[in-house]
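Scroll down for the structure; my scribbles are underneath it.
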Protein chains: 2
Amino acid sequence: MATGRTHRPATRSRGIPEATVARLPLYLRALTALSERSVPTVSSEELAAAAGVNSAKLRKDFSYLGSYGTRGVGYDVEYLVYQISRELGLTQDWPVVIVGMGNLGAALAGYGGFASRGFRIAALIDADVQLTGRLIAGLPVRHADELEGIVEDNQVSIGVITTPAGAAQEVCDRLVAAGVTSILNFAPTVLTVPDGVDVRKVDLSIELQILAFHEQRKAGEELESSLTAPPVAAKAVRDGGRRPGPDGDVPAVMPA
Amino acid sequence: MATGRTHRPATRSRGIPEATVARLPLYLRALTALSERSVPTVSSEELAAAAGVNSAKLRKDFSYLGSYGTRGVGYDVEYLVYQISRELGLTQDWPVVIVGMGNLGAALAGYGGFASRGFRIAALIDADVQLTGRLIAGLPVRHADELEGIVEDNQVSIGVITTPAGAAQEVCDRLVAAGVTSILNFAPTVLTVPDGVDVRKVDLSIELQILAFHEQRKAGEELESSLTAPPVAAKAVRDGGRRPGPDGDVPAVMPA
DNA sequence: CCATCTTTGTGCACGCGTTCACAAAGACAT
DNA sequence: ATGTCTTTGTGAACGCGTGCACAAAGATGG
């Protein structure tokens, strides 16, 4: 999962398992699509297929929310949309600030999936004065100096960080100090936050690396021989730690 | 986890648990930073802190790769960088195509984290003829008609989909037919792929929804009374759930 | 060469999440 | 009403992942 919780050992919130919470948005999306097609009811089997999960898992997930289905029939689409929305807190609107108006920040600012789910962009923020005032997705970019004021005035509790890695921790600290208690971090850094603040991170390059691992494995299964050397013998060699230029050429280290 | 595996029940690849694989890029990033500061060795405790994980977990993760540490000393930074890179398959270079040159696609095209880890953008592709030939991050946008040719000529095995949801499945099918076996999907849809093809998805709005859930819970703990009604009784009551605002009124629907 | 001190590598136990499989519940027809 | 048929909701078993706690390994100093 590109995704990843940072702190806290997967607490079970109000009896709803973390894993279930993470799937609710998936169900919600599938249900919304059904709703738009005016489908009145759906069985766990059908909905599970649409959401890409096992039907038993889906039923168990829903059982944590309550008994919302009708045996022999299935689930009422509209009703379930409402229940899940309420459970996720999407029936209220959440002001959000996005800090860092590079390509990614701009992309998020224009992302339709936010507004339609109760998230309202309270402000776009960047430290570059060149950008101040410029319109992105119809909203003016505000300068980083205004960060604290914006957060407090709008009662912002969710912040999105799309700055370069170097600036992320400082921005995070300022957001938290101003009252933000949930952070979505796109910068490739580990953020340190006080207790009570949730951080979720999305790292684009990590996802690709995981794919590369599996891809390599697939390729390796066909050849299955070459230098898939035993890692055990490696230990003895232990090179003198020559370190090449930045961003490294491959070390000529070669176990065994 | 923003991330999410789509298919396959968490196979254990070559003895390395999925969860460990997902953390390797994290360690690699922390190690690269140490390497740039010319730190020769690092203990599991220090590295774990830098990567934001438990030190016992880190040691266990490394133990799946082999015995690369020295007791009483720690791990050789350069050596470990190389071993992890090799394990993840980052010592070879992976041609990647990005399909869908909207804001997000453009952001990814310009993302530095790719090139520095062995991913080479083979082509940027979009269906809009208006975009064809235009330069994004120094690369010319190619038309979707060329997709199959590009994939085959460059032996591309990894594809990134940043199209609108409606186009994603078709693009996916074409990529797979042309030879792609790993897909990173940013479109908010469930992709169906044949066996042997890996899909990872990143859904920006899902992450926010998970944060909203926890945020709501935090807010609810202080008031802890109002309509946090027991879901059991709810069934009978089944409120007429008025939900204001655009984007669909709330179902006055009521099963049973 | 021996003693001490640091840090790894891992056996073990525990808890969460997943899946199976089935009884209970309700719709629907007769 | 009664029986059949569909689909939910969940008890129970299993497997993976996590974290503790410690023995083994090696470095370092005398």
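The values are calculated or read from the model by the stated rules, or taken from the named source; none is laboratory data. Remember, predicted model here, so these are calculated numbers, not experimental data. Because the Cβ atoms are built from the backbone with ideal geometry, glycine has one as well, and the counts that use them run over all protein chains shown.
Points worth noting:
- Cβ-Cβ contacts under 6 Å between residues 6 or more apart (or on different chains), taken from a first residue in segment B:101-117 that is more than 8 Å from chain A (Cβ to nearest Cβ) to a second residue that is among the acidic types (Asp, Glu) and surrounded by 20 or more Cβ atoms within 10 Å (Cβ to Cβ), are listed as B:MET101/B:ASP126.
- Every condition in (1) among the aliphatic types (A, V, I, L, M); (2) modelled with pLDDT of 95 or more; (3) in a helix (DSSP H, G or I) holds for B:ALA233 except the one numbered (2).
- Where a residue in segment B:39-60 is of a type in the set (Lys, Arg) and its partner, wherever it lies, is within 12 Å of DNA strand C (Cβ to nearest atom) and part of a helix (DSSP H, G or I), with Cβ under 6 Å and at least six apart: B:ARG59/B:SER44
- Filter result for B:LEU28 (within 14 Å of DNA strand D (Cβ to nearest atom), closer than 19 Å to A:VAL202 by Cα, within 8 Å of chain A (Cβ to nearest Cβ) and not basic (Lys, Arg)): no
- Qualifying residues in segment A:49-72 (those that are at the interface with chain B (Cβ under 8 Å from one of its Cβ atoms) and of a type outside the set (Gly, Ala, Ser)) - the one farthest from DNA strand D (Cβ to nearest atom): A:LEU65
- Boolean, A:ALA127 is under 21 Å from the mean Cα position of the chain (by Cα), crowded, with 17+ Cβ neighbours inside 10 Å and away from chain B (no Cβ under 13 Å): no
- Verdict on B:PRO40 being within 14 Å of DNA strand D (Cβ to nearest atom), at the interface with chain A (Cβ under 8 Å from one of its Cβ atoms) and either touching an Asp or Glu at 6+ places or on another chain (Cβ under 8 Å) or of a type outside the set (A, V, I, L, M) (or both): yes
- Of all residues in segment B:73-83, those being away from DNA strand D (no atom under 11 Å from the Cβ) and in contact (Cβ under 8 Å) with a residue 24 or more places away in the chain number 6.
- For segment A:137-151, taking the residues that are under 28 Å from A:SER85 (Cβ atoms) and in contact with a helix residue (DSSP H, G or I) (Cβ under 6 Å, 6 or more places away or on another chain), the one that is nearest to the other protein chains (Cβ to nearest Cβ) is identified as A:ALA137.
- Matching helices (runs of 4 or more DSSP H) fully within segment A:74-160 where at least 1 residues are at pLDDT 95 or above and of a type in the set (S, T, N, Q): A:77-88, A:147-154
- Segment B:57-73, residues that are at pLDDT below 95 and more than 6 Å from DNA strand C (Cβ to nearest atom): B:GLY66
- Among the residues of segment B:71-111, the one identified as β-branched (Val, Ile, Thr), surrounded by fewer than 20 Cβ atoms within 10 Å (Cβ to Cβ) and within 21 Å of B:GLN155 (Cβ to Cβ) is B:THR91.
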